[in-house]
Structures are given as structure tokens and as C-alpha cells.
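The block underneath contains the structure these notes are about, expressed in C-alpha cells.
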Amino acid sequence: MNNQKYHAPYPPLSGVGMHSPPMATAPPQPNALAPPPGGWSPPSTIYPPGLEYLMHLDYLFVNQKIELLQAFTGWETKNKYVITDNRGETVFYMAEESGVCWRLCLGKYRSCEFTIYDRNRQEILRMVRPFRCDSCCCPCYLQVLEVYSGSTLLGSVTQEWSIWRPKFYVRDASGQPVLMIKGPLFRFCVDVIFKVRSLDGKHRIGTIRKHWSGFGQEMFTVSDNFGINFPRDLDVKIKAVLLGAAILIDFMYFEQEP
């Protein structure tokens, strides 16, 4: 395969890096709503630098760019995304980093990383997706994606074993689950909705929705569009992890070659 070995210079899921970037303090929000009982975690007033863009947002669009080389030849290329708000203004840019052998030999299961930049092209987040299986026959080696700010772990998304419907946990930096994501039984509709719920299942926190991109784009490319809805006062670190969840869902269920 690739002569370059995959190195993930990041701490394990349960740890935090030794050299953490300075944290900024969010301005007070006197009108912030109190979280419902059994709902999402209370908003944090400490957030990593660069994530202030997410403080007052409750919706993100993830638009995958069409790669013409991949569309015409089937040659698996690195994925690129543009993340916008509900007004269409660009919030972040995202680029995949992976080896050519990983992409050609393992396709959507490949080990890869994603670098997220702000509008000034400054790196603010990094997502690490190691090689994992995606099968009910391998319940001990399921999908995972970790979200970092510098070397500091913000949280992760872990696939849970399920025979029928997709299920994921959104975890904080300590590895504790804070939210769950449940997908539909059938994923062949025009719009496919993954529901984000509280751990007790009683509160619907938001959605990750795969939007229909049009007949031509759906049939001849693997370029997908997602919408992520969440409470405005949700912790920005968990908002960043939900962005990672949308990317993981895209790879797992919608990255197949048309």
C-alpha cells in the first residue's frame, strides 16, 4: 500500500493533550435558555479559539465540492467541503488528508484526517478517522471519528452496534456520551434524516439531514449536501463534534460510487 505510514499524533480518546491552546471566554448570554431536564449539556462559557463563529448559530450546511476527475474517471480523490450558515455565508472550509493507496484500496472505509479552516485560512479544528470496520459481524471494531482543537480532544463520534438502524453516540472529551444519533431504517429517500436526541431518548435535540442534490449530481457524482440543526445554546465543542458526525455519516452511507 502507501509507503507513508499513518501517524496520528494525538492523544487517545480518554486523554487530553499536554500542550493545549489558550481558551477564549464567551460573552455572557443573559437570555440563554436553560437546558430541558434530560436534554443536552449546559452551554460552556469556555471555547477553543476559532469556534466563536458557532456561538450564535443553530444551523450549518455542509456542501461537498464536485471533483471532476472522480466524476469522469472514478478515481477516488480527496474530499473537500464548504461549510456555510443558513444565510449562505461561508463559515469554514474542510479538506481531507489521506494516502492514495488508502483511497484506492479501501474506498469509503479509508483512514483519513480532515483539517477545518476559518475564513482567514487559519486551522481551527482537526478530525481524525482511523481505519475501522462497518459491519454487524464486527461489533468490537466499529467506526469512530475524533475532533481536536490543536492537540486538545474536544469529543468524538462512535458508531454503536445495531442490526437495522444506524446508531451513534456523541461523546465529550472525557469519553462520556452526551447525545445519541439515530438514523432511518431506509436511506433511499429524497431527504435522509438522522435524528439527534438526548441520551434518554425523550428530547429531540436536532437533526443531520442529507439533502437531495439533484438528479445529475446524485447519479453521476458522490458529492453530497448536508444540513445540521442544533440548539443555539448548545456547547460549541459539541456543535463541532456534530459537524464531525455529518462527515462520518457521509462516508459511511453516501460515499458509494454511483
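The values are calculated or read from the model by the stated rules, or taken from the named source; none is laboratory data. Since this is a predicted model, take the numbers as computed values, not measurements. Using ideal geometry, Cβ is built from the backbone for each residue, glycine included, and neighbour counts are taken over all protein chains shown. Accessible surface areas use protein heavy atoms only, side chains included; no ligands, DNA or RNA. Shrake-Rupley method; radii C 1.70, N 1.55, O 1.52, S 1.80 Å.
Before moving on, here are some points about what is shown:
- Test result for residue 149, at pLDDT 95 or above, buried (at least 16 other Cβ atoms within 10 Å of the Cβ) and of a type outside the set (Lys, Arg): no
Conditions (1) modelled with pLDDT under 95; (2) in contact with a Pro (Cβ under 8 Å, 6 or more places away or on another chain); (3) on the phi > 0 side of the Ramachandran plot; (4) open to solvent by 30 Å² or more (accessible area, probe 1.4 Å), marked per residue:
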{"site": "90", "(1), (2), (3), (4)": "yes, no, no, yes"}
{"site": "98", "(1), (2), (3), (4)": "yes, no, no, no"}
{"site": "107", "(1), (2), (3), (4)": "yes, no, yes, no"}
{"site": "112", "(1), (2), (3), (4)": "yes, no, no, no"}
{"site": "117", "(1), (2), (3), (4)": "yes, no, no, yes"}
{"site": "123", "(1), (2), (3), (4)": "yes, no, no, yes"}
{"site": "160", "(1), (2), (3), (4)": "yes, no, no, yes"}
{"site": "169", "(1), (2), (3), (4)": "no, yes, no, yes"}
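- Residue within the stretch 173-188 that is at pLDDT 90 or above, open to solvent by 10 Å² or more (accessible area, probe 1.4 Å) and on the phi > 0 side of the Ramachandran plot present: yes
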